[in-house]
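Colleague: Quick one: the structure is below, questions incoming.
The values are calculated or read from the model by the stated rules, or taken from the named source; none is laboratory data. The structure displayed is predicted, hence computed values, not measured ones. Reconstructed Cβ throughout: ideal geometry from the backbone, glycine too, with neighbour counts over all protein chains shown.
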Amino acid sequence: MHATCTFASLLVIASALSFASAASAQAPAVKTTYLLEQGIPYLPEETLSNADGGKKNCRVDLYRPENVKGFPTVIYIHGGGLRNGQRSIPTKLKDRGWAVVGVGYRLDPQVHHPTYIEDAAAGVAWVFKNIERYGGDPTKIFVTGVSAGGYLTAMIGLDKSYLAAHDIDADRIAALIPVTGQMITHQTVRKDQGIEPSRTRPTIDRFAPLYHVRGDAPPVLCVTGGWEVDMLMRAEENLYFVSMMKLVGHKNVRQIVIEGADHARCGKECWPHVTAFVEQTLAKQAKP
């Protein structure tokens, strides 16, 4: 009798488990929803002016998962030669469980260097100071940008003074991912300095990422177009930067070259490399 009861009990349990499994298989997966908040000022409103574009450009757009805690954040700084462009949320960074923050900044000729870098740093600092109240993890903040945005990404992460002005240690950045960015002094900055021809006469001063190479910087991935075809020999320039970073002892810096890609194509095809590096870095953070 005891054996019979035990067998019957097992049948009931197996039936219940089978039903639960079937119900689970039929239940639709809960999809993460995302919220977009646009035009959040990262500097005090009373300091922003229409005259220099600050009222329009010194703002961030925040795209974030709803009702999620501890999510990573990728900050995107737009390109445009420091003269054009506007903040945006790249489509390829959406719907990955991350927040994405598009940072704007004032542009030449309404302002001149180093205002571009200072503005971008203020936008990054805003994320560090505010993302936790939206549910984000401030230890998982990445910075990326294309072209001029790549230059600004590298400057903010390597020259610690810009974030230090906001009481943020640049080494808190989880990783820097400059895409086809200038590692010498940016050509628009050289033009501001009266250096002509600014496109082809290179300098490396304190406004160049190469001036600030250091072995203790956050992880760095440089993505560029192809050898000899990316704008102004950008692949070769980034190779020199990566080589110098290794020379000073950096252990996690590398370059990915999208063979045959010109500047525009690199900006379109960079995203699988960007997202993979973010995921790899997060996986390393998760290891005990």
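Colleague: Take the residues of the stretch 130-151 that are in contact (Cβ under 8 Å) with a residue 24 or more places away in the chain and assigned to a helix (DSSP H, G or I): which is nearest to L35 (Cα to Cα)?
Modeller: Selected residue: Y134.
Colleague: Of everything in the stretch 164-200, what is part of a helix (DSSP H, G or I) and either surrounded by 15 or more Cβ atoms within 10 Å (Cβ to Cβ) or touching a residue at least 12 places away in the same chain (Cβ under 8 Å) (or both)? Give them in sequence order.
Modeller: Answer for the stretch 164-200, where residues must be part of a helix (DSSP H, G or I) and either surrounded by 15 or more Cβ atoms within 10 Å (Cβ to Cβ) or touching a residue at least 12 places away in the same chain (Cβ under 8 Å) (or both): A170, D171, R172, Q187, T188, V189, R190, K191, D192.
Colleague: I've got another one for you. When you look at L239, is it within 22 Å of the chain's Cα centre (by Cα) and not polar (S, T, N, Q), yes or no?
Modeller: yes
Colleague: Tell me which strands (runs of 3 or more DSSP E) are completely within the stretch 43-112 and hold 2 or more residues being on the phi < 0 side of the Ramachandran plot and hydroxyl-bearing (S, T, Y), or say none if there are none.
Modeller: The qualifying strands (runs of 3 or more DSSP E) are 71-77.
Colleague: Filter the stretch 208-225 for residues that are crowded, with 24+ Cβ neighbours inside 10 Å and of a type outside the set (A, V, I, L, M); which is farthest from the chain's Cα centre (by Cα)?
Modeller: Across the stretch 208-225, the extreme among qualifying residues is G225.
Colleague: Among the residues that make up the stretch 138-146, is at least one of them modelled with pLDDT of 95 or more and over 24 Å from Y63 (Cβ atoms)?
Modeller: Within the stretch 138-146, none of the residues are modelled with pLDDT of 95 or more and over 24 Å from Y63 (Cβ atoms).
Colleague: Given the conditions (1) touching a residue at least 60 places away in the same chain (Cβ under 8 Å); (2) buried (at least 20 other Cβ atoms within 10 Å of the Cβ); (3) of a type in the set (D, E, K, R), report the number of the one that D95 does not fulfil.
Modeller: (2)
Colleague: Can I ask one more? So A283 fits all but one of (1) among the aliphatic types (A, V, I, L, M); (2) closer than 21 Å to K160 by Cβ; (3) in a helix (DSSP H, G or I); what number is the exception?
Modeller: If we test A283 against (1) among the aliphatic types (A, V, I, L, M); (2) closer than 21 Å to K160 by Cβ; (3) in a helix (DSSP H, G or I), just (2) comes out false.
Colleague: What are the residues in the stretch 245-259 that are over 19 Å from M155 (Cβ atoms) and not in a loop (DSSP other than H, G, I, E, B), if any?
Modeller: Those that are over 19 Å from M155 (Cβ atoms) and not in a loop (DSSP other than H, G, I, E, B): K246, L247, R254, I256, V257.
Colleague: Being touching a Gly at 6+ places or on another chain (Cβ under 9 Å) and among the aliphatic types (A, V, I, L, M) is the filter; apply it to the stretch 125-154 and report the residue that is nearest to M244 (Cα to Cα).
Modeller: Applying the filter and picking the extreme gives A154.
Colleague: A235: assigned to a loop (DSSP other than H, G, I, E, B), out of contact with any Leu (no Cβ under 8 Å at 6 or more places or on another chain) and surrounded by 17 or more Cβ atoms within 10 Å (Cβ to Cβ), yes or no?
Modeller: Answer is no for this residue.
Colleague: Please find, among E269, E228, E236, E279, the residue that is under 23 Å from L158 (Cβ atoms) and out of contact with any Pro (no Cβ under 9 Å at 6 or more places or on another chain).
Modeller: E236
Colleague: Being in a helix (DSSP H, G or I) and either surrounded by fewer than 19 Cβ atoms within 10 Å (Cβ to Cβ) or touching a Cys at 6+ places or on another chain (Cβ under 8 Å) (or both): is that true of V242 here?
Modeller: Yes.
Colleague: Suppose we keep only residues that are touching a helix residue (DSSP H, G or I) at 6+ places or on another chain (Cβ under 7 Å) and assigned to a helix (DSSP H, G or I) within the stretch 152-163. Which one would you say is surrounded by the fewest Cβ atoms within 10 Å (Cβ to Cβ)?
Modeller: Per the criteria, the residue is L163.
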